[in-house]
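Worksheet for the structure shown next.
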Amino acid sequence: MDEFVCNKLTEWGLSMLIERFEDEGIDTESLYCLGDQEIDALITKVGPRAKFKKRLKLLKAEQNPAHQETVDSSAHEHEEAADSAQVWPSTSGTNDKGKRKLDLQGGSDGCQSPASKRRCDKRLGSYSEEIILSDVKNIMNYVHMRLQNGDNTKLNVFLKNKICDLETDKRELVGVFGKTGAGKSSLINAVIGVKNLLPSGSVSACTSVMIKVEANKKNSKYEADIEFIRKEDWEDELWSLDHIVRDNEDWEKDVDDDTVGRLSALYGEEWKNIPTKNLMDNKHFREIPEFLFSKTKTLTCESAGELSSKLVKYTRSDLEEGEDIEVKRWYWPLVKCVTVRVPKKNLLQHVTLVDLPGNGDRNKSRDKMWKEIVGSCSTMWIVTDINRAASEKEPWEILQDASSLMGNGGECQQIHFICTKSDHIENSDDSAAAVPALIFKRNMKAKETVMTQFRKEKKIKKHFSDECFKVFTVSSKEFLKRKYLQPDETEIPKLQEFLQKLNDCHSVTLNYVSGAYGILSLIQGARCREVAGKKKEVCTELEENMRQELEKVRKPMEEASEAFEKCLTEGVENSKRSCEAKLNSILHPRKAPGQTGAVGSSFHKILKCVVQNNGTYKPKKQRQININEKLSSCLTDSIDEEFRKTFPNEGKCGPFYGAINAFSLDTERLIQKYKEVELHLTFLQTEEEKIKMKLNKKIQEHKKTIFSSLTGTIKANLRDCYKKAAEFSGKGSLEKMRETIEKHVHESKDTMFDQAKANMLMQLNDLKENILEKLEKTLKESMELSLKTDDYSIPDVAAELDLVKRHHNEVIGSPDEEMSLLGSDPPGPSAAPSL
């Protein structure tokens, strides 16, 4: 398949047409030759056809026939951009000693400015954003190289740092939860258009390994990076086992099934006959020496199928029936995370799909990463079989347990409840022609049922409104086979289109080009000798504007802290009254319906795992147990609503985000008033937008820490208690563990919850002070160097500024048209405003 055509169809949300175009032999040249008659024959459905025609028309318009006579010239532009990118060194590097020093005003004879090349190029017209970004990066690399050969003045150093700071890696995470067997792997394979990348697994083959899937930007291979848990973490687990086994004839009763499963997978059944101190011998890790040295293991393959086969021993606990793969050892107990990189997937340039296991992992580093990833996902996909979508407990329990971490404790803006296998109609005697209507009817019913169930889920609804929750009914099989349904009827294209919007290459280009435009404006402005008097006037106005604006930022933040203090005071009192009853419900569980025998006969193993894992554990086929969350629940309940209003995950309003977004030095007005210093003010304008974006990102990260601090303080308070309880073994250990925890909570309750309150308020205040300090310091430095510093030794960048300004104007003019074609606004607050 022609790569350019494939990429364009994916970019336009029309990936369902790729196979059809491949069958008809459509390559880059013939794509531009397509007329209405050929398009009508190629695309039978009106909707996709209309969209394709409009996209192709826009693509052809980009080529600007007045300046570009053939499609080949466009390809030449891409090649030129790529070649140019290789000529200029990275901005993070330094010049080799032997390099000729450039003429500061125009470069050396052997090194022509990219701007000069473009200025001499008569084919210069409208470029795609990909070429614009490449052009501007080449220009900034060239300018950086010239600055490195200049005098090491304060302004020179400042400018070099600013150029290096232009590069950012914007990446959106989409988490994928789902019971094994629900079609999670097939869904991911279908959405990204790669067969056999993630193998499907039975329930017995399920593991707790996280798998990230993203684009390979380096080469055309299929690669996987395998990150292992720390060697010390595994030694700790073996030490715990040794502590149980030592001097204990009935040790097998005290070892939980999860530990047995991990040890059997890694060492085989003979582990029971190996002294625990010998389980860390190097001979057990000959195939994975990276584990012993805390390094990442990388697998590189030519095909998705080959990589999938090699990954089995690291991500699965068993083979599927019929799989012809020889596995002597299973290494998944030692794997923390696997990152799979897929070549030629523009859909994943700025998006990572994460195949997530259920929560409650016993390994500390794996559990920490799980929480970090879930808390960083902007979208969560919950995958389940359509026949049990509303009634099956597991997907709803996943949402209930993770809703706090995704909502107030994270940055999730959307939940997609994805019902798979929508093509499966049981006991249908109808003709093939009638099946699509039956599928449609059943799908609509499933969507309605799931939405009804969602509205009943009070714990989830505390964090997510109806607008955040969408239901999809998909069929990965029909998307590929097309027996009954057209691709768009499988709803896979809807998910692809969503990822394409999330990919949002536009904001990456806009942020870089805007920053470059500001820096070049400052460089050129610093060379102006005639505006000293005006600079002083502007400085006076800017300093007064900043003083007033900083106060506007401070006030709502302080009011938010006062509101939290009031909520937490009530939460503390409720916690003191109810904590022992809440603890009792965990330590003395009721017998489940149909359960035989005493509860204690199995619960002592579970509680042992809980205390060994600092208060949290998820038994098989049961809900997660978390003593810390249970004890802090009155505190978190007291602030949930206020926290959501203060730190909305959309990141646009509230006393923190809203105050930052409203901050303005009023540079637009000042530019109209003081035309003589327009270049200096343009730089300040771009700097203001950049620091606001950075602060919004900082708020997004810190709010997670602030929210989790309540449970974190309780956990820290109970840590010694858990350690003491974990030391008990043998007869009577269950009662001793219970008594130890109960006694500690009783003695600590009058101080523990007050400490949690004080810790959270302190972190809120620290965030406020940090924001104000960073905002003031950054803009003061920028004002100092743009309006109070002259440096005539820095290079003349008039040509570069002219070209980047034109590119900037092109980029800021494109988002409205682009988003109207996609059908909605781009998600999230990450795109920089137009200047």
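No value in this document is a laboratory result; all are computed from the given coordinates. None of the values given here were measured: they were computed from a predicted structure. So basically every Cβ, Gly included, is an ideal-geometry build from the backbone, and we count neighbours across all protein chains shown.
Within 10 Å, Cβ to Cβ, of VAL342, how many net charges do the neighbouring residues add up to if Lys/Arg are +1 and Asp/Glu are -1? Present the calculation step by step, with values, prior to reporting the outcome.
Details: positive: LYS221, ARG341, LYS344, LYS345; negative: GLU214, GLU223.
That sum, taken over residues with Cβ under 10 Å, equals +2.
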Quiz item: Taking a temperature of 20 °C and a viscosity of 1.002 mPa s, what whole-number D in µm²/s does Stokes-Einstein yield for segment 605-738 with Rh from Kirkwood over alpha carbon pairs?
Solution: 113
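By per-residue mean of other Cβ atoms within 10 Å, what is the highest-first order of 403-412, 680-689? Before the final figure, lay out each step's value.
Numbers: 403-412: 23.6, 680-689: 25.1.
So the order, starting with the most tightly packed, is 680-689, 403-412.
Could you compute the FRET efficiency for GLU397 and SER465, with r as their C-beta to C-beta distance and R0 at 25 Å, rounded to 0.05?
Values: r = 21 Å, r/R0 = 0.83.
After rounding, the FRET efficiency stands at 0.75.
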Quiz item: With each pseudo-label sitting 7 Å past Cα toward Cβ, what's the ARG455-GLN37 distance in nm, one decimal?
Solution: 5.4
Quiz item: When the Karplus curve 6.51 cos²θ - 1.76 cosθ + 1.60 is applied with θ = phi - 60°, which whole-Hz ³J(HN,Hα) does each residue of segment 539-546 get, with x for Gly and Pro?
Solution: 4, 4, 5, 5, 5, 5, 4, 5
Quiz item: Say each of LYS566 and GLN622 gets a label point 7 Å from the Cα, pointing the same way as Cα to Cβ; how far apart are those two points in nm?
Solution: 4.2
Quiz prompt | Average projection area in nm² (convex hull over Cα atoms of segment 725-764, one quarter of hull surface) | solution = 3.5
Exercise. Give me the Kirkwood hydrodynamic radius of segment 419-494, using the inverse of the mean 1/r over all pairs of distinct Cα atoms, in Å to one decimal.
Key: 13.7
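Test of understanding: what is the full-extension gain from ASP720 to HIS424, defined as 0.36 nm times their sequence separation minus their Cα-Cα distance?
On the way: separation 296, 0.36 × 296 = 106.56 nm, distance 5.35 nm.
The span from ASP720 to HIS424 would gain 101.2 nm if fully extended.
Kindly flag which residue pairs out of LYS184/LYS694; LYS534/LYS777; LYS344/LYS645; LYS310/LYS459; LYS393/LYS477; LYS170/LYS715 have an alpha-carbon separation exceeding 29 Å in this structure.
On the way: LYS184/LYS694 35 Å; LYS534/LYS777 23 Å; LYS344/LYS645 41 Å; LYS310/LYS459 41 Å; LYS393/LYS477 25 Å; LYS170/LYS715 33 Å.
Distance filter (> 29 Å) returns LYS184/LYS694; LYS344/LYS645; LYS310/LYS459; LYS170/LYS715.
What does the charge count near GLU223 come to, summing +1 for each Lys or Arg and -1 for each Asp or Glu among other residues with Cβ under 14 Å from its Cβ? Provide the component values of the computation, followed by the final result.
Values: positive: LYS212, LYS217, LYS218, LYS221, LYS297, LYS310, ARG341, LYS344, LYS345; negative: GLU214, ASP225, GLU227, GLU302, GLU306.
Local charge sum for GLU223: +4.
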Quiz item: According to a simple spin-label model (label point 7 Å from Cα along Cα-to-Cβ), what is the distance in nm between GLN486 and ARG230?
Solution: 5.6
Exercise. Could you tell me the convex hull volume per residue, in Å³, taken over the Cα atoms of segment 662-772?
Key: 109
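How big is the C-alpha Rg of segment 479-581 next to the rule-of-thumb value 2.2 N^0.38 Å, as a ratio? Intermediate values should be presented prior to the final figure.
Working: Rg = 27.9 Å, N = 103, 2.2 N^0.38 = 12.8 Å.
Compactness ratio reported: 2.18.
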Quiz item: Could the peptides 229-241, 603-615 be put in order, highest first, of the mean number of other beta-carbon atoms found within 10 Å of their residues?
Solution: 603-615, 229-241
Quiz prompt | Relative packing of peptides 172-181, 476-485, 535-544 - highest average C-beta neighbours within 10 Å first | solution = 172-181, 476-485, 535-544
Practice problem: Subtracting the Cα-Cα distance from 0.36 nm times the residue separation, let me have the gained length for ASN387 to LYS272 in nm, one decimal. | Solution: 37.1 nm
Quiz item: In Å, what is the Rg of the alpha-carbon atoms in segment 644-687, and how long is Dmax?
Solution: 14.5, 45
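Could you give the length gained on full extension between ALA50 and LYS368, defined as 0.36 nm per residue of separation minus the Cα-Cα distance, in nm? Let's see the in-between values first.
Working: separation 318, 0.36 × 318 = 114.48 nm, distance 4.75 nm.
Full-extension gain reported as 109.7 nm.
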Quiz item: What's the FRET efficiency of SER220 with GLU167 using the Cβ-Cβ distance as r and R₀ = 25 Å, to the nearest 0.05?
Solution: 0.60
Practice problem: Report the paramagnetic label zone for ARG669: residues of segment 539-572 whose backbone N is under 17 Å from a point 7 Å from Cα along the Cα-to-Cβ axis. | Solution: 539-553
Self-check item: Theoretical FRET efficiency, 1/(1+(r/R0)^6), r = Cβ-Cβ of GLU541 and ASP151, R0 41 Å, to 0.05
Solution: 0.85
Exercise. May I ask for the distance between the Cα centers of segment 145-190 and segment 618-672, given as a whole number of Å?
Key: 24
